[in-house]
1. With springs only between Cα atoms under 10 Å apart, run a GNM on the chain and tell me which of 226, 350, 299 wobbles the most.
2. Once you've got the GNM for the chain with C-alpha springs shorter than 10 Å, pick whichever of 178, 251, 139 has the biggest mean-square fluctuation.
3. Under the rule that an exposed site lies in a DSSP loop and has at most 12 other Cβ atoms within 10 Å, name the longest stretch of the chain with no trypsin sites (Lys or Arg not before Pro) of that kind, not counting the sites themselves.
4. Note down the nm distance, to one decimal, between modelled labels 7 Å out along Cα→Cβ at residue 55 and at residue 179.
5. Based solely on its DSSP helices, what 222 nm [θ] is calculated for the chain when runs of n ≥ 4 H residues each add -39,500 (n - 2.57) and the sum is averaged over all residues, nearest 500 deg cm²/dmol?
6. Mind giving me the nanometre distance, one decimal, between the label points for residue 306 and residue 366, set 7 Å out from Cα along Cα→Cβ?
7. Among the lysines, which have Cα under 22 Å from the Cα of residue 89 when same-chain residues fewer than 8 positions away are ignored?
8. Can you give me the distance in nm between label points at residue 216 and residue 249, each placed 7 Å from the Cα along the Cα-to-Cβ direction?
Amino acid sequence: MNRLVMILPLLLVLLAGQGCAKKSAPEHADPHAGHDHAAAESEGPGIHLEGIRGLGLAKVPEPRLEGRWVPGEAVGDEAAQALLSSPVKGIVSQVLAIPGQNRPTGATLVMIQSPELAHLKAAWIASKAKLDRIQLDLAREDRLFQAGAGARRDLEAIQGESATAKAEEEAARLSLEAVGLKPGEAGANYLLKAPAHGAVVAWKVQRGQGVEAGQELGQFQAAQAGVIRLELSQPGPIGWNPGAESEVRQANGRTWKARLESTPSTLTTDTQRLSYRLRFLGGALPMPGTPVEVKVPLGKGIYLSQAALQQVDGRWGVFVVEKERAVFTAVTRGMEVKDEVLIVDGLKPGTTVVTEGAYLLKAYQQKRSQPEGEGGHGH
């Protein structure tokens with residue numbers, strides 16, 4: 001009896017331990033619990049979308065014709081630019097034009113005191129006076145000869161002197177015209193005048209400086225801009241070839257037509273962009289440096305939001321959705337239009353793609369493609 005009393009508590013302790021062990025284990029343990037997403041991934045290509053939040057889907061729209069207003073700058077044509085120089089040697093006595101200040105055609109830009117010019121004018125005055133005197137002598141000898149009171153020898157001699165004087169006067173006149181002056185305009189000062197309505201870009205001389213004949217004094221730019229320059233990021237518009245006409249506008253409402261003159265073959269060295277050149281087709285042209293906008297034709301195509309396009313392994317593409325799975329599909333990307341991108345090739349209208357949150361799928365795909373042991377899942 002005493003032995004039974006001692007064994008009974010021990011049996012109760014053992015029975016209680018077995019009951020606790022049964023409660024701690026699930027009735028239907030699943031050895032694959034926690035791997036539902038991994039199982040879904042093995043069902044086919046792409047990424048299973050179940051459980052991924054923050055995604056937005058959209059149907060690929062029908063192609064549409066689109067254009068984009070691109071900022072550009074009206075610049076002076078090379079033909080409207082000029083180097084300012086003096087045809088005679090002298091000293092700069094006055095600089096009358098401030099760089100950037102518009103001056104009318106023929107306005108004096110700089111004055112140069114020139115002993116050389118004074119010498120040319122003096123030579124012409126002397127030759128002209130000699131010619132006038134000899135012509136008077138010739139007229140007198142001709143009257144005497146006609147009256148029978150003069151000798152033919154004297155008349156022929158004065159005729160020869162007259163021809164020589166005419167040649168000397170003409171040579172002196174041509175020397176003045178060679179420096180851009182008529183004999184009546186020449187003096188001791190050379191006045192360098194504006195070749196057109198425009199402005200001096202910059203001077204390379206200053207008051208009191210001596211200059212040689214033909215030395216560059218500065219640069220001049222006509223006041224009208226005949227050319228438009230604009231730069232575009234890669235890739236450029238497809239089918240926009242020289243000869244194509246485009247619309248141009250200014251912030252104040254003025255508009256023009258312009259023709260594309262050239263397309264770039266290389267990128268600009270400073271901005272690494274594509275530089276285009278257009279020419280205004282008539283109208284009152286703007287001043288050089290005026291900001292304008294050019295409507296660049298982008299052609300007809302499919303346009304998607306920029307968020308939909310992702311770059312994976314160096315390729316641009318979108319995530320196409322089929323049967324709850326997103327598959328990365330490469331596309332040919334065109335120009336950007338505001339918050340959209342032109343899709344040149346690779347998509348058809350009506351296809352469902354991921355727009356919002358596409359970057360999440362990109363991150364997941366890149367992580368999944370990493371080798372096991374480098375941050376990948378190792379499925």
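1. Maximum among the listed residues: 350.
2. Between 178, 251, 139, it is 139 that shows the largest mean-square fluctuation.
3. 54-206
4. Spacing of the two 7 Å Cα→Cβ label points: 8.5 nm.
5. Rounded to the nearest 500, the figure is -9000 deg cm²/dmol.
6. Going by the 7 Å Cα→Cβ label model, 1.8 nm.
7. Reachable lysines: 121, 182, 193, 204.
8. Calculated label separation equals 4.0 nm.
Bear in mind these aren't lab numbers, they're just calculated from the coordinates by the rules spelled out. This structure is a prediction, so every number in the text was calculated from the model and none was measured. Glycine gets a Cβ as well: all are built from the backbone with ideal geometry, and neighbour counts include every protein chain shown.
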